[in-house]
Amino acid sequence: MSAPLLEEFGRGDAREREESWRYSKTALRALAQQDYAVADARAALPDTLLEQFDWAATRGRRVVVVNGVFSEAHSDISGVGASVTVGESAGNAYSIRIDGDIERPMHVVYANVPSAQSSRWQANVEVTVVSGRARVIEQFIGAQGESVLGSLRRRYDLADATQLDLVSLCELPESVAMYRLVEARVGAKARLHTTHVLLGGRLQRLDFQVDLAGSEARLESRGVFALRGRDHADTQLDVRHLARDTACDVVWRGVADARARGIFRGAITVAQGADGSDAKLSNKNLLLSSSAEIDTQPALEIYADEVKAAHGATVGQIDERALFYLRSRGIPLAVARRMMVTAFCAEALAGIGDADLRELLAQRVQAVLPAE
Amino acid sequence: MTGKENENMLKIENLHVRVAGKEILKGLSLEVKAGEVHAIMGPNGAGKSTLGNVLAGREGYEVTQGSVVYGDKNLLELEPEERAAEGVFLAFQYPVEIPGVNNTYFLRAALNAQRKHRGEAELDSMQFLKRVREKLAVLHLKDELLHRAVNEGFSGGEKKRNEIFQMALLEPKLAILDETDSGLDIDALKMVADGVNAMRSPERAFLVVTHYQRLLDYIVPDVVHVLADGRIVESGDAGLAHKLEEHGYAWVAGRQAPAEAVAGGV
Ligand SMILES: Nc1ncnc2c1ncn2[C@@H]1O[C@H](COP(=O)(O)OP(=O)(O)OP(=O)(O)O)[C@@H](O)[C@H]1O
Ligand SMILES: [Mg+2]
């Protein structure tokens, strides 16, 4: 096994890491066999990348990180307001402090830009929500070229009675791999709402751990992966109910076409003393080709009393009867298939309040299938 | 196709179809002219829905012999969506629920895809909604059904009426109604019949599959066929339906049996 990367990527002890990487071992090993130079933080962003994130709606509230380093040139935080403080402790470690409501979302962009040889970067970000309700859109993008391996560790700390809405879009070309570790702590009566969309990439791994640490803390985790070609995405969600009357509601959808590979592991633990907690997990997956593969693994461990828990996971194929029904009304096959994919993923995107953003994500998801 | 009255719109000759390795249609022949309404009756499992599915282009229905000419085209060569755009419409015996696909969105996508195929301008949402409202009124369907997912949570009768509503909206040339009357209450049956009768025209033909004489009192057919064991075994005028109601299918089987009876007697 690719020891150096395995030590770096993942959580828990050696055995837990080994276990959690079981479906993605080969992909990780292939990554580990390469030599990497340090990615160039001053690499110029190609126009194709600039266009991807230059949204009119988030101008003035945008932070751009190029190969792990904050880019003064591309960022514009003139409209952020006093509630947000961005600090930089080292070249690739940042802290963001949010104190007070943010009405319009912050847009944080992580760009993977290739060099003349394989390269890698890493960064650490800590986000603390001290008070109010914060909104963040994060976007991971990359340019095709020599391989880039990015790794990002983040901590979200939600103080009591705060709220964070996070929308995360990670859309990568096949020459980029990303490891993401997200650790969140949700305080009493605080609420974390996340929507993750994973598209493309040689290897995308998301380790997402949420501690519902204060009573009545709440997590809503939504997510979609839509994969094609030889994309490989692996999500490991780990929710821990540590206090009374905490709730989590997990809705993830996965779609894989061609020879793509998707993995979703959703583990929920209700610790001793976390009585009266409520845990819901729904994971449905759709295979669009016979060479695609999706593995889903829900896991529920309960050590508390009066817990409500429900979980379900499925892997299936497109309903041929529905497809024929659409076609029999004149809808071309390719359009009908896209409609089915969009419908399949709709529930996981429904929690995004901003209709334009929701539409953008739905469009990106349905692009997993060709238009014609 | 020309769409003139008295011209053959659909010509099926000696059609043999296998489903899941089993021969279901065994030499079916049928001719339908523009402007006509043909009723197809016949026992359960005779192959009526199979015929509808083959005409609409469903996968898994293997044509081993025979031909289907629609206008001047070989229908069997067209994809389902091409058939729809050329004017073929199947009202399903069991309409499919499609969770997550909004009904209005679906209908507009369908109508505009057909129009695009025919080289007509696509309808914008105002034009589309105007048309929808007109057709909804005819079938007394609630507006609210449009905001739901396709057929999701519709009652049995609502599903059937929704099929006819779609037909009214898409204005096909050849409409195949597969037991649209089954499961309808008396009022709904009238609405469906009204919907069909309002669309009868010299350019349009209907194939109405039904088990019940009652529908044919409202939609009076030009020809009634009996489909049994994969073939049309008897054809006649509207009076044939009454005879069937009285005597049952055994009566037809008895009239058709001679050749087989002789063989069986040897
Ligand atoms: N997909 C299939 N696989 C296996 N058998 C099938 C399939 N589709 C149809 N059949 C068989 O073909 C025969 C004809 O079916 P079909 O649905 O055409 O009958 P029908 O005349 O419409 O009957 P009903 O009046 O009950 O609707 C039946 O015996 C049925 O079981
Ligand atoms: Mg039938």
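Using +1 at the C-beta of Lys and Arg and -1 at the C-beta of Asp and Glu, which of A:Gly81, A:Phe140, A:Gly68 has the Cα lying farthest in the positive direction of the dipole of segment A:36-153?
My answer, from the dipole projection, is A:Gly81.
For the ranges B:139-152, A:243-256, what's the packing order if you count other beta-carbon atoms within 10 Å of each residue, average per peptide, and put the highest first? Provide the component values of the computation, followed by the final result.
Numbers: B:139-152: 16.6, A:243-256: 23.5.
The densest-packed peptide leads the list: A:243-256, B:139-152.
Accessible area lost on pairing A with B, both sides, 1.4 Å probe, Å² to nearest 100?
When A and B are taken together, about 1900 Å² of accessible area is lost.
Return the whole-Å distance between the Cα centroid of segment A:205-231 and the Cα centroid of segment A:180-195.
Segment A:205-231 and segment A:180-195 have Cα centres spaced 9 Å from each other.
Would you pull out the residues with amide H under 5 Å of B:Met9's amide H, same chain only if 5 or more places away, H placed 1.01 Å from N?
Sorted by chain and number, the residues that satisfy this are B:Val32, B:Lys33, B:Ala34.
Name the residues of segment A:336-368 whose accessible area falls by at least 10 Å² when all protein chains are present instead of the chain alone, probe 1.4 Å?
A:Met339, A:Met340, A:Ala343
Considering only protein heavy atoms and a probe of 1.4 Å, how much of the accessible area of segment A:2-318 is carbon and sulfur, as a whole percent?
On segment A:2-318, the fraction of accessible area on carbon and sulfur atoms equals 45 percent.
Kindly tabulate the residues in segment B:96-119 with an accessible-area decrease of at least 40 Å² between the chain alone and the assembly of all protein chains, using a probe of 1.4 Å.
B:Val96, B:Ile98, B:Val101, B:Phe106
How high is the relative contact order of segment A:2-318? Use alpha-carbon pairs under 8 Å, at least six apart in sequence, and give a whole percent.
Relative contact order for segment A:2-318 comes out at 10 percent.
What full-extension length gain, to one decimal in nm, is calculated for A:His311 and A:Gln363 as 0.36 nm per residue of separation minus the Cα-Cα distance?
15.9 nm is the gain from fully extending A:His311 to A:Gln363.
So what's the net charge close to A:Arg253: Lys and Arg +1, Asp and Glu -1, counting the other residues with Cβ under 13 Å from its Cβ?
Here the charged neighbours net out to +1.
So what is the accessible area of the protein assembly as shown per residue, in Å², with the probe set to 1.4 Å?
Per-residue accessible area for the protein assembly as shown comes out at 42 Å².
When the accessible area of each residue in segment B:50-67 is compared between its chain alone and the complete protein assembly (1.4 Å probe; ligands, DNA and RNA ignored), which residues differ by at least 30 Å², being lower in the assembly?
Those residues are B:Arg58, B:Glu59.
How do A:Ser290, B:Ser182, B:Ser125, A:Ser24 rank by accessible surface area computed with a 1.4 Å probe, from largest to smallest?
Ranking A:Ser290, B:Ser182, B:Ser125, A:Ser24 by accessible area, largest first, yields A:Ser290, B:Ser125, B:Ser182, A:Ser24.
The values are calculated or read from the model by the stated rules, or taken from the named source; none is laboratory data. It should be emphasised that the depicted structure is a prediction, and the values quoted were computed from it without experimental measurement. No Cβ is skipped: glycine too gets one built from the backbone with ideal geometry, and neighbour counts run over all protein chains shown. Keep in mind that these areas ignore ligands, DNA and RNA; they rest on the heavy atoms of the full protein, side chains included. Shrake-Rupley method; radii C 1.70, N 1.55, O 1.52, S 1.80 Å.
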